[in-house]
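Here is the structure we will look at.
The values are calculated or read from the model by the stated rules, or taken from the named source; none is laboratory data. On a predicted model such as this, the values are computed, not experimentally measured, just so you know. Neighbour counts are summed over all protein chains in view; Cβ atoms, including those assigned to glycine, are modelled from backbone coordinates with ideal geometry. Note: areas computed on protein heavy atoms with side chains; ligands, DNA, RNA excluded. Shrake-Rupley method; radii C 1.70, N 1.55, O 1.52, S 1.80 Å.
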Amino acid sequence: MKKEKIILTGDRPTGRLHIGHYVGSLKGRVELQNAGDYSKMFVFIADSQALTDNIDNPEKVRQNVIEVALDYLACGLDPEKATIFIQSQIPELCELTFYYMDLVSVSRLQRNPTVKTEIQMRNFEASIPVGFFTYPISQAADITAFRATTVPVGEDQEPMLEQAREIVRRFNHIYGETLVEPEILLPQNAACLRLPGTDGKAKMSKSLGNCIYLSDTADEIQKKVMSMYTDPGHIRVQDPGKIEGNTVFTYLDAFSRPEHFERYLPDYPNLAELKAHYQRGGLGDVKVKRFLNAIMQETLEPIRNRRKEFEKDIPGIYEMLRKGCEVARAAAADTLSDVKKAMKINYFDDKELIEEQARRFAANQ
Ligand code: TRP
């Protein structure tokens, strides 16, 4: 098989994207896109997947498709370099999912740790929708339909990639080399793997109200940074403070660069020195938060400004998405055709099959 690099990734449109998405995956995608070291790049809005646990709230999903598209463009994804599309508009994905379902056992799906946690979070224990339960299979279809080799996602998606790889191996084993085995691409920086919410909770999530959104105003960002969770034992400035589990420092790990110190905090040469001072005592939370705020403002202002520009032409964005869907459909149809051929369900375009059967039946006349 050819060794070209194809990048694919997506997000569920259940809300605007936040800085956890940004450091966990979006930033990396834009860098990959601009490095140009790939033959194709697909980025999609996973509305069908979002519906698996929002089946009674289609309006929420519908409204957030455009929000996610705006966030993509604001971060620098470029439709000239990446195909941006909407999952539900690619019916080939449903077909692939249906065939892959025969390659996965119920107990295998039950072992998926991400699905397990999500079932708990949504109180689905008593009655899990089948579509939700099987979304890892549909995600394998998303990935393989585009012959993706590289999937830049957050750490929580690791079980999905593992599932996709298993399906690929099983399919290729039974039907012959057809599908491409994908690899996950995680962020390098440990703090970016799973950015905590502003309240210090393990995950940024809309329902916990602990997110900083890419589209937040400067005031909203400042309020959120200044009220961020730090070290509850660090009460007076002179007290020694803890870095571990201190959200402000985790964010600094994820966002600060050497030039930020020169610009906003020249008394400290780098993050290690700032941390050391905090741990010794004598450095107040407010000073560190002000520094983080300056960095967040600098990082998010250009994104917010670009978003405002794109918001001026919503029909243009739908047109871009429509074109993206066309390109994506053609690619998925190509893979589906290979899959059907491998599975021997390509009756009408298999002349040999028809001729061979005609001869066989004629011989028995
Ligand atoms: N599950 C991903 C999320 O929660 C979205 C997604 C759907 C995805 N299909 C994908 C990501 C395929 C990467 C590849 O955001």
(message) With a 1.4 Å probe and all protein chains left in place, how much of the accessible area of the chain comes from carbon and sulfur atoms, in whole percent?
(response) 52 percent
(message) Relative to 2.2 N^0.38 Å, what does the C-alpha radius of gyration of the chain come to as a ratio? Two decimals please.
(response) 1.16
(message) As a test of the formula, what do you get for the chain when each DSSP H run with n ≥ 4 contributes -39,500 (n - 2.57) and the sum is divided by the residue count, at 222 nm and rounded to the nearest 500 deg cm²/dmol?
(response) -16500 deg cm²/dmol
(message) Over all directions, how big on average is the projection of the convex hull of the alpha-carbon atoms in the range 204-308, in square nanometres?
(response) 6.8 nm²
(request) Please check the chain for the longest run free of GluC sites (Glu not before Pro) that are loop-located per DSSP (anything but H, G, I, E, B) and have at most 13 other Cβ atoms within 10 Å. (result) 245-365
(request) With a probe of 1.4 Å, find how much accessible area the chain has per residue, and write the answer as a whole number in Å². (result) 51 Å²
(request) List the trypsin sites (Lys or Arg not before Pro) within the range 152-236 that fall in a DSSP loop (any state other than H, G, I, E or B) and whose Cβ has at most 12 other Cβ atoms within 10 Å. (result) 236
(request) Only loop residues by DSSP count here, and only those with at most 13 other Cβ atoms within 10 Å; note down the trypsin sites (Lys or Arg not before Pro) in the range 291-344 that meet that. (result) 312, 344
(message) Over 30 Å between Cα atoms: which of 27/323; 60/308; 206/308; 116/201; 40/223 fall into that group?
(response) 40/223
(request) Filter the chymotrypsin sites (Phe, Trp or Tyr not before Pro) in the range 156-241 down to the DSSP loop ones having no more than 13 other Cβ atoms within 10 Å, then list what survives. (result) none
